[in-house]
1. For the condition at pLDDT below 90 and among the polar types (S, T, N, Q), what is the one hit in 46, 50?
2. Hey, can you tell me all the residues within region 31-46 that are part of a loop (DSSP other than H, G, I, E, B), of a type outside the set (A, V, I, L, M, F, W, C) and surrounded by 10 or more Cβ atoms within 10 Å (Cβ to Cβ)?
3. Counting just the residues of region 1-18 that are open to solvent by 80 Å² or more (accessible area, probe 1.4 Å) and not aliphatic (A, V, I, L, M), which one comes out modelled with the lowest pLDDT?
4. Condition test on residue 28, is it open to solvent by 80 Å² or more (accessible area, probe 1.4 Å) and closer than 17 Å to residue 117 by Cβ?
5. Is there a residue in region 47-54 that is open to solvent by 100 Å² or more (accessible area, probe 1.4 Å), basic (Lys, Arg), within 21 Å of residue 11 (Cβ to Cβ) and in a helix (DSSP H, G or I)?
6. Restrict the check to region 98-107 and report whether at least one residue is within 15 Å of the chain's Cα centre (by Cα) and of a type in the set (S, T, N, Q).
7. Take the conditions within 19 Å of residue 16 (Cα to Cα), surrounded by 16 or more Cβ atoms within 10 Å (Cβ to Cβ) and modelled with pLDDT of 95 or more and apply them to residue 65. Does it pass?
8. Checking residue 21 against (1) loosely packed, with under 14 Cβ neighbours inside 10 Å; (2) assigned to a helix (DSSP H, G or I); (3) modelled with pLDDT of 90 or more, only one condition comes out false. Which one?
Amino acid sequence: MIDKTFLYTSKFSALFTTLSLKFLQMFSFIEWSPIGWADEWPQVDSYHYSIKWTLLFIGLFIIFAILYILSSFMVAIPPSLSAIIIGVIGIIILEWIISEPKTLPDIFTSISYPFLAIIAITLRFITGTATFMRKV
């Protein structure tokens, strides 16, 4: 299960998501900073922004590696369906944490749809690869 495909898939997904988040931030498609989590940690707050982005990449790599392993056990569910379900639930939880809306409908007004699309593409790539490699 843990082979080159697993490592390459997780690494490419983390790299694609990190670069996409930088793109979305640069052109104001998202209202929050992808490295804004570092402001809450005094140890990391004084680091250079490139180190914060590298830490974000490492965190995404670990999250995507775990999702790859979990997705490999969902062979009975089509990868498109599982990617959409995981993506929508993940985006709602993430937007709830970041923007702190008062009601559930407020989440849908604050969701960044380009961010949702990037996460859906990444999750489809991970679940599709994991399912295919499990069947082989």
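The values are calculated or read from the model by the stated rules, or taken from the named source; none is laboratory data. Note that the coordinates shown come from a computational prediction; the quantities given were computed from them, not determined experimentally. In this analysis, Cβ positions are derived from the backbone assuming ideal geometry, glycine residues included, and neighbour counts consider all displayed protein chains. In case anyone asks, the SASA skips ligands and DNA or RNA and just uses the protein heavy atoms, side chains included. Shrake-Rupley method; radii C 1.70, N 1.55, O 1.52, S 1.80 Å.
1. Values: 50 fails: at pLDDT below 90.
Checking each option against the conditions leaves just 46.
2. Here is the first cut: in region 31-46, the ones part of a loop (DSSP other than H, G, I, E, B) are 31-35, 41, 46.
If we keep only those that are of a type outside the set (A, V, I, L, M, F, W, C) as well, we get 31, 33-34, 46.
Correct list: 31, 33, 34.
3. Per the stated criteria, the residue is 4.
4. It is true that residue 28 is open to solvent by 80 Å² or more (accessible area, probe 1.4 Å) and closer than 17 Å to residue 117 by Cβ.
5. No, the conditions are met nowhere in region 47-54.
6. Within region 98-107, not a single residue is within 15 Å of the chain's Cα centre (by Cα) and of a type in the set (S, T, N, Q).
7. Working: within 19 Å of residue 16 (Cα to Cα): yes; surrounded by 16 or more Cβ atoms within 10 Å (Cβ to Cβ): yes; modelled with pLDDT of 95 or more: yes.
Answer is yes for this residue.
8. Among (1) loosely packed, with under 14 Cβ neighbours inside 10 Å; (2) assigned to a helix (DSSP H, G or I); (3) modelled with pLDDT of 90 or more, the lone unmet condition for residue 21 is (1).
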